Amino acid sequence: MAKNISQSEINIMTDQKDSSFSSDLIFPHKVYTASENSRFDFWQKVCAIFFQFKIRNKFDIHHYFFTPTILNSFLIKNFLKNPKTKTIQTIATLREDLWSDKDIRKILFANIIIVYSAFAKNKLNNLGFENVFQIYPGIDLQEYKQISFQETQKNLLTDFSNESEVSKNFTKMHSKENDFVINFTGEYTRLGAIDLIIDSFIDIAKKNPSIKLSLAVRIKNEKDALKKRLIKKKLKKNNLLNQVSFFDNGRYKMKNVYNLCDISLFPVNNMQGKFDIPLAVVEAMACQKPVIISDLPILAELTNGKNSVIVKKDNQKELTDAILDLYTHPEKKRLIGWEARKFVEEKFNIKKIAQEYEKIYATL
C-alpha cells in the first residue's frame, strides 16, 4: 500500500525495500527483517517494541496493521502511545473463536478502527464502537492477473529451480494444457474443507482422468504434516496421487498457481483464524478464475450472483456438481471468471484502497 500513497510520508518497520519502491515518501526502518512467521522470533518482537518507544513522539499518526492481542494492546496504550499522536488500527479479523466481546473492548484502542468486512463493522457498531470504517484489503492487479498457460508453466519451473528434481517433474506432470485443474488454497487442519475437497476430487477424477488437483496448502506444524501424509495415502489407495500437485513450502508465487488452474475452491466450514476477506478468494478472482465458495455469512459480500458459485458448506454433492458443471460448460466458466476480475477491479484495486487510506489520514 505504501507504494501507492502519494500525499503522506510513510515510515515502515522493515528494511525490505525493493526496486519497485520508487516513491520518495517511503522511509524504511530496520525493525522487521523477515516476513516469514518462522523467523518472527522473540528478538524481532523486542526490536519492534523498542522502536515504537523510541519514535512515539516523532510522527503524526501511528497505523497498526497487525492483529492485536490483549498484551500488545496493553503495551501500546500504556507505554508506547503518545497522547498527542493519532492512531489507526486495521483489523483483518475479530477472531470470534478466541475473543469475547469483553476482550474486543480491551484490544481496540485507536482513534480510528478499520476492518476488512461489513460483517466486522456491524459487529463493532453493535458493541458501541462508532469510529469504525470498512476498507477492503488491496491487491496489486498488475501482479495478479490472467496470464498464458505457457508463461505460467515457465514461471512455475523458475519458482522451483532450486527444488528437487522430483518437485520440478511433479510440476511438469501437472501442467498439460488440456488438463482441467482444480485449485485449493487453504489449510490442512483448519477451515474444515480439505476432506470434503479430497473426497469430491476422488469421485470426479476416477471418471475424468484429465481432471487434476492443485493443493497450495502450506505445512505449518506437525498436525499439517500428518494430515498431508494421510491425504497422500488416500490418494495413492485410489490410484490418483499422480493427478495431484502439492505446493506447500511457500517458495512460489501464488499468481502462478492460480493461473495454472481452471477453477479455485473455497468450500470452508468455518473461518476460524483467517482474515474476514480471504485473499485466496480475491487473488484467484483477480486471475480471472471462477471460485466455488461456501455459503458462510461472512463470505457473502464476496459474491454478487455472477462472479462465483456458491455451495452449501459441508455438502460434497453440491461441491462435486458445481465442479462438474464448470468442467462441462467452458463458456460459463469463462464468463464467471470475467465477472470475478471485474468485481476485484471495482473493490480491491490497491490504488483505490490507498486513496481510501489517504482520506482517513487527512481526517486526523
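Just so it is clear, none of the values below were taken in a lab; they were calculated from the coordinates. Since the structure is predicted, the reported quantities are computational estimates derived from the model, not experimental observations. Please note: Cβ atoms are built from the backbone with ideal geometry, for glycine as well, and neighbour counts cover all protein chains shown.
Annotations
- Degrees, to the nearest 10: 42-54 long Cα axis against longest axis of the chain: 30 degrees
- Quotient of C-alpha Rg and 2.2 N^0.38 Å, computed over segment 149-348: 0.95
- With the convex hull of the Cα atoms taken as the outline of the chain, the averaged projected area works out to 18.6 nm².
- Highest average packing first - 125-136, 259-270, Cβ atoms within 10 Å: 259-270, 125-136
- Among the listed pairs Lys227/Lys333; Lys84/Lys106; Lys154/Lys228; Lys81/Lys253; Lys234/Lys306; Lys154/Lys212, those whose Cα-Cα separation exceeds 29 Å are Lys227/Lys333; Lys81/Lys253; Lys234/Lys306.
- When Ile353, Ile336 are arranged by Cβ crowding within 10 Å, least crowded first, meaning fewest neighbours, the order is Ile353, Ile336.
- Using alpha-carbon coordinates, inclination of helix 165-174 to the longest axis of the chain, degrees: 70 degrees
- Label sites at Lys312 and Asp325, each approximated as a point 7 angstrom past Cα along Cα to Cβ, lie 1.4 nm apart.
- Between amide H atoms placed 1.01 Å from N, distances below 5 Å from Gln134 occur with Val115, all of them 5 or more places distant or on a separate chain.
- The chain: angle of helix 350-363 to the longest principal axis, Cα-based, in degrees nearest 10: 20 degrees
- Extension gain from Asn11 to Asn208, taking 0.36 nm per residue of separation minus the Cα-Cα distance: 65.6 nm
- Its relative contact order, with pairs defined as Cα atoms under 8 Å and 6+ residues apart, puts the chain at 17 percent.
- The mean of 1/r over all distinct Cα pairs in segment 271-364, once inverted, gives the Kirkwood hydrodynamic radius of 14.5 Å.
- Relative to the globular-protein estimate of 2.2 N^0.38 Å, the Cα radius of gyration of segment 190-305 stands at 1.07.
- Scaled radius of gyration (Cα, divided by 2.2 N^0.38 Å) that segment 38-125 gives: 1.13
- In loop segments of segment 49-97 as defined by DSSP, the trypsin sites (Lys or Arg not before Pro) with at most 13 further C-beta atoms inside 10 Å of their C-beta are Lys58, Lys84.
- Extension gain, Leu75-Phe53: 0.36 nm per intervening residue step, less the Cα-Cα distance, totals 6.9 nm.
- Spacing of the modelled spin labels on Asn178 and Gln146, each 7 Å from Cα toward Cβ, amounts to 2.2 nm.
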